[in-house]
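The values are calculated or read from the model by the stated rules, or taken from the named source; none is laboratory data. As the structure is a computational prediction, the values presented were derived from the model and not from experiment. Please note: Cβ atoms are built from the backbone with ideal geometry, for glycine as well, and neighbour counts cover all protein chains shown.
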Amino acid sequence: MSAGGSLDTFPKLLRRNALQFADHAAIRHKDLGIWQTWTWAQVLDIVRAYAIGLQRLGLKQGDTIAIVGANRPKLYWTVMAAQTLRAIPVPVYSDAVADELSYVLGHADVAFVAAQDQEQVDKVLSVLDRVPHLQKIVYDETRGLRDYDHGLLMKIDDVIADGRAAIAASSALAAELDALIDSGEGSDTSIILYTSGTTGTSKGVMLSAKGCIDAATDTATFDKLTEKDVALAYLPLAWVGDHYLNYAQGLAAGFCMACPEGPETVEQDLREIGPTFYFAPPRVFETMLTRLMIRMEDAAAFKRRMFHYFLKVARKHGEAILTGKPVPLSGRLLYAIGRVLVYEPLKNVLGLSRVRVAYTAGEAIGPDLFVFYRSIGLNLKQLYGQTEAFLYVTCQPDGEIFADTVGPPAPNVQIRIAESGEVQFKSPGMFVQYFKDHAKTVEAMTSDGYVKTGDAGFFDEKTGHLKIIDRAKDVGRLKDGTMFAPKYLENRLKFFPNIKEAVTFGDQRDFACAMINIDLTAVGNWAERNNIAYGSYQDLAAHPLVYDMVARDISEMNRSLVQEKVMAGAQVRRFLILHKELDADDGELTRTQKVRRGFVAERYAALLAAFYSGASEADISTEVTFEDGRKGRMSARLKIADLPTTHVPADLEKAA
């Protein structure tokens, strides 16, 4: 078994890890409450057998194989086995509805599907007529599939067993497999990742093996990740974040990926596994803090006072202590006491006690939220990235962490700001092309080889770090010429714990307005503590006191906007609380939970018209998708509330 040559493909990295870190844990999975562990040597043995088994079923170089399901060892091994055969894995979101699934499977010319369980198998079978190239479905969990047609279906365990038996029967097979791995080239298409489709149809982003490995190696070195680290692999398999942060960096650094038992056990599994490297989008950190604050409201008065006192100490001294800056002895002593009584117990409850490096990205994180986690000793940092970059475009180095920036360019990444204000980059992991879409590929690139991000941003003069404003195409103007950046306003609104989602409008209009989703957990807890009865989200969203609460939050944001000369005139003057939560199954969000603003504007056109007609209420009826796939309708009469605007000082008006 050769380990020489350039490590420019993932199978070569896997083979290296099996030699260098043979007995180190490579992957863990909690099943039926018990953590199971596979070492790097065991993973290599399984993947080799799996690859031979898939090859005997007909999977060959250049074929595409879809992976549909949650984070499971056998699905990660499918990616490894496919890459071993120089085939191309195509992960699909596990919660994709049949139409979304059929689009990816059909567009990617999928020959094989690896599915987690009966639910995913059923979805694939329901769209067979739209997947003409499909030859075989292999699956992980057997429950419910015993009586299915096994002419098309086969257990992954049986594929592995068949491959293992074939290797045992023919010593030449192992040598042929090694020769196939050796023949792999860095220019091989390593994976196709489909974009979230925020602005339209998803595009298949083709990434090269060497590009992925170079990018992952750069950032693993940047954050000093080694074979001793552990990451919780709970992010969607189809999202670039999982493939980069867990799979690519895990293979590059040799660390262990731990797969939770299921989405509902992630918080418990996080506490049990105690990762040292952790990523979560802002909404996860927001949910953690919201639940924590709700629990503190029910604590004894002494504990509440102690908690809030030491949080003040943390806000005053935490960042300086975390970054090694001078702090008075009295501050150090108080912080040390707070660490014993509050900060470490808090991190333990959240499962973050062992985290050495943590990242957040995807949306802007509220400064207060960001400062809270850093102040209690969590080394939380921000990055900015996208699928076409193979994630990292910027990242924050230790000692240079700012709540309002996303950091300087990542290692070996070049960034420039176009005259239009658009952020453009070159990076080691930048995509090769969009699958079967040459026109979109050309559109995404500049003539000198930079990738157009579609985001508007600028470099902060004080720090030299990048700030992202909004999607470039979404930045508009109110009728009076004031800049209108909807995403900027939406992120500011979502900093408030009562507001889960916001969609703002105002381009070429007289003023800005907002559609709001309340956070059912936070507002529901408030309602219970104040003896306010409600039967559903719709009841709570329509309550006058909830409207008053949200009005206070938006007014506070408006007041803060006054200090920003560019955005001071874009205050939200009217808002409503939607009767239902925005949902990816209804097309209102992408699978990565980003708002599809254009779709929302079209779907809720009647509400948008009511905002600008001066109406005080509006009727709406929308189609909704239930968990079992059935369709229904939800109707409501929504109140539209007006807000006073905060006066913009004359000096800011002149400056603007």
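Here are the numbers for the structure shown:
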{"quantity": "Test for Gln268: is it in the same structural domain as Ile65 (by TED's automatic domain parsing) and under 22 Å from Ala25 (Cα atoms)", "calculated": "no"}
{"quantity": "Qualifying positions in segment 593-622 - of a type in the set (A, V, I, L, M, F, W, C), in contact (Cβ under 8 Å) with a residue 24 or more places away in the chain and under 13 Å from Leu576 (Cβ atoms)", "calculated": "Val600, Leu607, Leu608, Ala610, Phe611, Ala615, Ala618, Ile620"}
{"quantity": "Residue in segment 426-474 that is nearest to Ser190 (Cα to Cα), counting only those that are in a strand (DSSP E or B) and among the aromatic types (Phe, Trp, Tyr)", "calculated": "Tyr434"}
{"quantity": "Residue count for segment 460-476, restricted to those that are free of Cβ contacts under 8 Å to residues at least 60 places away in the same chain and in contact with a strand residue (DSSP E or B) (Cβ under 6 Å, 6 or more places away or on another chain)", "calculated": "6"}
{"quantity": "Residues that are among the β-branched types (Val, Ile, Thr) and either in a loop (DSSP other than H, G, I, E, B) or under 18 Å from the mean Cα position of the chain (by Cα) (or both), drawn from segment 338-382", "calculated": "Val355, Val357, Thr360, Ile365, Ile376"}
{"quantity": "Residue count, segment 493-517 (criterion: acidic (Asp, Glu) and either in a strand (DSSP E or B) or without any contact (Cβ under 8 Å) to a residue 60 or more places away in the chain (or both))", "calculated": "2"}
{"quantity": "Verdict on Glu319 being at pLDDT below 95 and touching a Ser or Thr at 6+ places or on another chain (Cβ under 9 Å)", "calculated": "yes"}
{"quantity": "Any chance Val230 is touching a Leu at 6+ places or on another chain (Cβ under 7 Å), of a type outside the set (Lys, Arg) and farther than 23 Å from Tyr50 by Cα", "calculated": "no"}
{"quantity": "From the options Gly197, Gly151, residue that is modelled with pLDDT under 95, in a loop (DSSP other than H, G, I, E, B) and either charged (D, E, K, R) or over 27 Å from Lys436 (Cα atoms) (or both)", "calculated": "Gly151"}
{"quantity": "Segment 394-413 residues that are in contact (Cβ under 8 Å) with a residue 60 or more places away in the chain, paired with ones that are part of a loop (DSSP other than H, G, I, E, B) and aromatic (Phe, Trp, Tyr) (beta carbon under 9 Å, 6 or more apart)", "calculated": "Gln396/Phe402"}
{"quantity": "Condition met for Gly144 (touching a residue at least 12 places away in the same chain (Cβ under 8 Å), in a loop (DSSP other than H, G, I, E, B) and on the phi > 0 side of the Ramachandran plot)", "calculated": "yes"}
{"quantity": "Index of the failed condition, Gly324 passing every other in (1) surrounded by 11 or more Cβ atoms within 10 Å (Cβ to Cβ); (2) more than 21 Å from Val349 (Cα to Cα); (3) not charged (D, E, K, R)", "calculated": "(1)"}
{"quantity": "Matching residues in segment 526-543 - criterion: being assigned to a helix (DSSP H, G or I) and either touching a Ser or Thr at 6+ places or on another chain (Cβ under 9 Å) or in contact (Cβ under 8 Å) with a residue 60 or more places away in the chain (or both)", "calculated": "Arg529, Gln538"}
{"quantity": "Flag if Val546 is part of a loop (DSSP other than H, G, I, E, B), assigned by TED's automatic domain parsing to the domain that holds Ala502 and of a type in the set (Val, Ile, Thr)", "calculated": "no"}
{"quantity": "Test: residue in segment 571-592 that is aromatic (Phe, Trp, Tyr) and touching a residue at least 60 places away in the same chain (Cβ under 8 Å)", "calculated": "yes"}
{"quantity": "Residue check, Tyr335 at pLDDT 95 or above, of a type in the set (Phe, Trp, Tyr) and closer than 29 Å to Thr226 by Cα", "calculated": "no"}
{"quantity": "Residues satisfying the stated conditions in segment 154-194, i.e. part of a loop (DSSP other than H, G, I, E, B) and modelled with pLDDT under 95", "calculated": "Ser170"}
{"quantity": "Candidate set: segment 403-425, residues that are out of contact with any Pro (no Cβ under 8 Å at 6 or more places or on another chain) and β-branched (Val, Ile, Thr); chosen: the one surrounded by the most Cβ atoms within 10 Å (Cβ to Cβ)", "calculated": "Val423"}
{"quantity": "Residue within segment 225-235 that is over 30 Å from Arg356 (Cα atoms), touching a helix residue (DSSP H, G or I) at 6+ places or on another chain (Cβ under 8 Å) and surrounded by fewer than 16 Cβ atoms within 10 Å (Cβ to Cβ) present", "calculated": "no"}
{"quantity": "Enumeration of residues in segment 482-510 that are crowded, with 23+ Cβ neighbours inside 10 Å and polar (S, T, N, Q)", "calculated": "Thr504"}
{"quantity": "The listed residue being buried (at least 19 other Cβ atoms within 10 Å of the Cβ) and among the polar types (S, T, N, Q), out of Ser6, Ser94", "calculated": "Ser94"}
{"quantity": "Residue satisfying all of: in segment 327-365; among the polar types (S, T, N, Q) and under 13 Å from Gly377 (Cα atoms); surrounded by the fewest Cβ atoms within 10 Å (Cβ to Cβ) among these", "calculated": "Asn348"}
{"quantity": "Condition check for Ala96: among the small types (Gly, Ala, Ser), at pLDDT 95 or above, in the same structural domain as Ser183 (by TED's automatic domain parsing) and out of contact with any Cys (no Cβ under 6 Å at 6 or more places or on another chain)", "calculated": "no"}
{"quantity": "Failed item, numbered, when Ser536 is tested on (1) modelled with pLDDT under 95; (2) crowded, with 20+ Cβ neighbours inside 10 Å; (3) within 29 Å of the chain's Cα centre (by Cα)", "calculated": "(2)"}
{"quantity": "Whichever residue in segment 162-196 is in contact (Cβ under 8 Å) with a residue 12 or more places away in the chain and hydroxyl-bearing (Ser, Thr, Tyr) and, among such residues, is nearest to Arg591 (Cα to Cα)", "calculated": "Ser196"}
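Here's the yes/no breakdown for (1) surrounded by fewer than 17 Cβ atoms within 10 Å (Cβ to Cβ); (2) at pLDDT below 95:
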position: Pro367; (1), (2): yes, yes
position: Ala389; (1), (2): no, no
position: Ile401; (1), (2): no, yes
position: Ser427; (1), (2): no, no
position: Tyr434; (1), (2): no, no
position: Asp455; (1), (2): no, yes
position: Arg477; (1), (2): yes, yes
position: Asp480; (1), (2): yes, yes
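Okay, residues lined up against (1) part of a helix (DSSP H, G or I); (2) farther than 16 Å from Phe370 by Cβ; (3) charged (D, E, K, R):
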| site | (1), (2), (3) |
| --- | --- |
| Glu286 | yes, no, yes |
| Arg291 | yes, yes, yes |
| Met296 | yes, yes, no |
| Phe302 | yes, yes, no |
| His308 | yes, yes, no |
| Glu319 | yes, no, yes |
| Gly324 | no, yes, no |
| Gly331 | yes, yes, no |
